[in-house]
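**Student:** The structure that follows is given in the form of structure tokens.
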Amino acid sequence: MVVNVPKPGKELIEMVSGYKSLFIVACGGCPVGCDSGGKPRIDELTEQLSKNGIEVEGSTEIDFLCNKALVGSKLIYHIEKLKKSQAVLVISCGIGVQATGNMIDIPVIPANDTLSSQGMQGLWPSSERCAGCGTCYLALTGGICPITMCSKSLINGMCGGQHDGKCEVENERDCGWNLIYIRLNELGKLENLKKLPRLRDYRKMDVPDKERTTTRWALEKAEIYSAPVLNSEKEEASNE
Ligand code: SF4
Ligand code: SF4
């Protein structure tokens with residue numbers, strides 16, 4: 001389970017201000033388990049956006065947004081509504097937001113913040129894409145994560161070391177901020193580089209007790225507690 005929680009309402013409204021029409025995509029996987037997604041959240045956000053004068057062109061729930069191919073194959077059915085939308089609000093962990101951003105040519109906006117999941121990368125595990133920093137920046141960075149794609153996890157733009165698009169820390173590695181620049185240019189959103197990102201709140205790197213008890217920790221506990229019962233049942237059966 002990738003633990004993700006709703007972004008604070010004020011921050012969410014700041015991120016969507018400037019857009020007149022949005023499409024909502026929700027992940028039907030981890031956010032449902034974390035009580036931060038599903039149909040109720042789509043309805044809640046639709047209402048919130050409407051109150052703020054933003055048209056919701058449509059919405060959809062996709063089982064696992066961290067499965068890029070699945071996202072592409074499902075979004076194709078909403079192409080006309082997507083064409084009318086200026087951006088997509090994504091109810092998901094950072095991996096799902098990035099997978100969605102990979103499949104469309106309009107900006108993605110994360111509705112959730114992702115907390116540490118000990119490196120778990122959902123169904124897109126070929127690389128570390130989300131480090132669960134707790135303050136998702138993808139709305140500002142064209143859907144490319146500055147924490148995992150930049151060797152120094154800079155949130156305020158490129159350092160002075162980039163050379164020919166490569167990172168000064170590792171010459172073979174693309175400079176994450178160069179990729180962000182290219183993507184923002186493609187999206188017509190270079191002005192994002194002038195916006196001040198929120199400071200990282202490192203307290204959010206840990207998962208609070210409330211979320212621990214609602215996700216896999218609870219499942220593991222249940223497993224541990226039920227194991228002796230199962231074992232004694234097996235013993236009884238073998239004695240019969
Ligand atoms: S900015 Fe990156 S590390 Fe932080 S929550 Fe978003 S995707 Fe994850
Ligand atoms: S060169 Fe680019 S990726 Fe490397 S540390 Fe500097 S900004 Fe980050």
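The numbers here are math on the coordinates, done by the rules we state, and not lab data. Remember, it's a predicted structure, so these values are computed and weren't measured experimentally. In this analysis, Cβ positions are derived from the backbone assuming ideal geometry, glycine residues included, and neighbour counts consider all displayed protein chains.
**Student:** Which entries in LYS166/LYS195; LYS83/LYS152; LYS39/LYS84; LYS7/LYS83 show an alpha-carbon gap greater than 29 Å? Please list the in-between numbers first.
**Tutor:** On the way: LYS166/LYS195 24 Å; LYS83/LYS152 36 Å; LYS39/LYS84 22 Å; LYS7/LYS83 26 Å.
Beyond 29 Å between Cα atoms: LYS83/LYS152.
**Student:** With +1 on each Lys and Arg Cβ and -1 on each Asp and Glu Cβ, and nothing else charged, work out how big the dipole of the range 4-207 is about its Cα centre, in Debye to the nearest 20. Walk me through the numbers before you get to the answer.
**Tutor:** Numbers: 23 positive and 23 negative charges, 58 e Å.
Rounded to the nearest 20 debye, it is 280 debye.
**Student:** Another question, then. Using a cut-off of 14 Å between beta-carbons, work out the net charge of the residues near GLY72 (Lys and Arg +1, Asp and Glu -1, GLY72 not included).
**Tutor:** 0
**Student:** Taking H placed 1.01 Å from N in the peptide plane, check which residues at least 5 places from ARG198 or on another chain put their amide H under 5 Å from its amide H.
**Tutor:** none
**Student:** Also, I was wondering about something else. Quick one: ILE76, ILE182, ILE24, fewest Cβ neighbours within 10 Å first, how do they rank?
**Tutor:** ILE76, ILE182, ILE24
**Student:** Let me ask something else about it. Relative to the first principal axis of the alpha-carbon coordinates of the chain, what is the inclination of helix 94-103, with its axis defined by its Cα atoms, in degrees from 0 to 90 and to the nearest 10?
**Tutor:** 50 degrees
**Student:** May I pose another question? Local charge sum around GLY143 (other residues, Cβ-Cβ under 13 Å, Lys/Arg +1, Asp/Glu -1)?
**Tutor:** On the way: positive: LYS68, ARG129, ARG183, LYS189; negative: ASP105, GLU186.
Combined, the nearby Lys, Arg, Asp and Glu give +2.
**Student:** What's the exposure ranking of ASP164, ASP174, going from fewest to most Cβ atoms within 10 Å? It would help to have the intermediate numbers written out before the result.
**Tutor:** Numbers: ASP164 7, ASP174 14.
Ascending Cβ contact count within 10 Å gives the list ASP164, ASP174.
**Student:** Related question: Counting only residues 5 or more places away or on other chains, whose amide H sits under 5 Å from the amide H of SER151 once H atoms are built in the peptide plane?
**Tutor:** Residues meeting the amide H criterion: GLY176.
**Student:** Grab the DSSP H runs of the chain that are 4 residues or longer, score each as -39,500 (n - 2.57), total them, divide by all residues and round the 222 nm result to the nearest 500 deg cm²/dmol.
**Tutor:** So the helix-based figure for the chain works out to -11000 deg cm²/dmol.
**Student:** Cβ under 12 Å from ASN102's Cβ, ASN102 left aside: what net charge do those residues give with Lys, Arg +1 and Asp, Glu -1?
**Tutor:** Taking every other residue near ASN102 into account, the sum is +2.
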